[in-house]
Amino acid sequence: MNLPLSPANAQMRAIIANLSRVIQGKEDRIELLVLALVAGGHILIEDIPGVGKTTLARSLAKSIDGKFSRIQFTPDLLPTDITGINVYQQSLGKFTFKSGPVFSNILLADEINRASARTQSALLEAMSEEHVTIDGETHPLPKPFIVLATQNPVEYHGTYPLPEAQLDRFMMQIDLGYPPLQIEQSLAINRSSQDPVDTIKTVASLDELNTLRESVDHVKIEPSISEYLLQIVMATRNHPHVRLGVSTRGTLLYARIARALAILEGRDYVIPEDIKKLAIPVMSHRMILNTKAQYSGLSSSHIIQEILERERVPR
């Protein structure tokens with residue numbers, strides 16, 4: 001059963017306000033994070049160390065009363081360090097499954113691009129299927145299950161680019177960046193030794209979040225709007241500077257998070273502005289530019305902006 005529009009909108013706003021108490025001056029990024037949470041997608045945050053990514057993930061878990069786990073990705077991390085392992089219990093005379101940190105509601109995969117591709121791929125099944133398979137046995141993950149992964153820019157020492165297949169599992173990519181100067185000055189003056197996460201409270205239960213997700217299914221996308229979305233996606237596939245455009249999975253996730261944005265804006269239908277607002281965070285990490293574009297200094301964001309300006313907006 002879907003949640004009525006007004007309470008759904010109010011709950012989303014409450015989560016955003018709660019997170020904004022801890023991560024100040026970044027309301028637009030927090031809004032995107034909550035949209036992905038409600039739409040049921042995973043989030044990739046690419047940024048430099050020390051701008052509050054871990055604090056944001058912990059605050060998100062506390063806001064929804066969810067179980068939080070953190071994995072620090074390193075070059076020697078093994079897949080079983082993520083998923084868990086079967087351990088022989090001598091007293092029982094059999095193997096029992098010892099679950100790994102992936103069995104949580106909010107999983108922070110910290111500096112995910114510091115691990116090898118083999119270890120990074122251990123998350124693929126969990127992110128896509130919401131279960132893991134160990135020695136032929138399938139273990140379902142808790143619901144909801146959200147991966148909030150952080151990565152340092154690829155030019156940082158000891159980093160590896162994420163495989164395209166794994167990038168495509170993330171609903172969106174965002175960055176936090178430094179807070180505004182006035183906010184940072186206020187933090188330097190007023191921040192005490194108390195953990196800022198301890199100052200916030202739970203504003204939605206896991207059951208309420210699951211109901212929120214169900215409400216997204218009831219938001220309408222008119223044929224003209226879906227055609228507009230597909231025109232934008234097709235333009236990424238046919239662009240002369242793009243080697244790999246947005247996938248079909250990306251199209252479906254794009255439409256779903258647009259529905260979540262409609263709820264946040266107090267509507268039960270999607271409008272073109274929803275599609276335009278989400279284009280860059282949803283599509284930029286899915287696009288692989290050709291060599292000529294990379295050497296020319298072009299970025300996925302520039303190309304998406306060009307596409308948005310060119311494509312006809314439905315009335």
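By its C-alpha gyration tensor, with a ≥ b ≥ c as the square roots of the eigenvalues, how is segment 186-270 shaped: rounded for a/c under 1.5, else prolate for a/b larger than b/c, else oblate? It is oblate, given that a/c is not under 1.5 and a/b is not larger than b/c. Does segment 169-315 come out rounded, prolate or oblate, given a ≥ b ≥ c as the square roots of the eigenvalues of its C-alpha gyration tensor, rounded meaning a/c under 1.5 and, failing that, prolate meaning a/b above b/c? Cα axes put segment 169-315 in the oblate bin. The C-alpha radius of gyration of segment 1-189, expressed as a fraction of 2.2 N^0.38 Å, stands at 1.11.
Work out the count of Lys pairs in segment 18-128 where the Cα-Cα distance is under 24 Å, with the pair 8 or more places apart or on different chains. Mind dumping the intermediate values first?
Details: Lys26/Lys53; Lys26/Lys62; Lys53/Lys62; Lys53/Lys67; Lys67/Lys98.
Summing the qualifying lysine pairs gives 5.
The charge dipole of the chain, taken about the Cα centre with unit charges on the Cβ atoms of Lys, Arg (+1) and Asp, Glu (-1), comes to about 140 debye, rounded to the nearest 20.
Projecting label points 7 angstrom from Cα along Cα→Cβ for His131 and Ser205 puts them 2.7 nm apart. Here the simple spin-label model places points 7 Å from the Cα toward Cβ, and for Asn290 and His139 these points are separated by 4.6 nm. Add -39500 (n - 2.57) for each DSSP H run of 4 or more in the chain, then divide by its residues: what number comes out at 222 nm, to the nearest 500 deg cm²/dmol? Calculated at 222 nm, the ellipticity per residue is -13500 deg cm²/dmol. Once a ≥ b ≥ c are taken as the square roots of the eigenvalues of the Cα gyration tensor of segment 54-115, is the result rounded (a/c under 1.5), prolate (a/b larger than b/c) or oblate (a/b not larger than b/c)? Oblate is the answer for segment 54-115, as a/c is 1.5 or above yet b/c matches or exceeds a/b.
With viscosity set to 1.002 mPa s at 20 °C, what whole-number translational diffusion coefficient in µm²/s follows for segment 133-252 from Stokes-Einstein and a Kirkwood radius over Cα pairs? Don't skip to the answer; put the middle values down first.
On the way: Rh = 19.9 Å.
Estimated diffusion coefficient is 108 µm²/s.
Over all alpha-carbon pairs in the chain, figure out the percentage whose distance exceeds 27 Å.
Numbers: 23046 of 49455 pairs.
When every Cα pair of the chain is considered, 47 percent fall beyond 27 Å.
Arranged from highest to lowest average of other beta-carbon atoms within 10 Å per residue, in what order do the peptides 111-119, 196-204 appear? Can you show the working numbers first?
On the way: 111-119: 19.4, 196-204: 15.1.
Result, highest mean first: 111-119, 196-204.
Each value in this text was obtained by applying a stated rule to the coordinates, not by laboratory testing. In this text, all values refer to a predicted model and were calculated from it rather than measured experimentally. Every residue, glycine among them, receives a Cβ derived from its backbone with ideal geometry; neighbour counts consider all protein chains shown.
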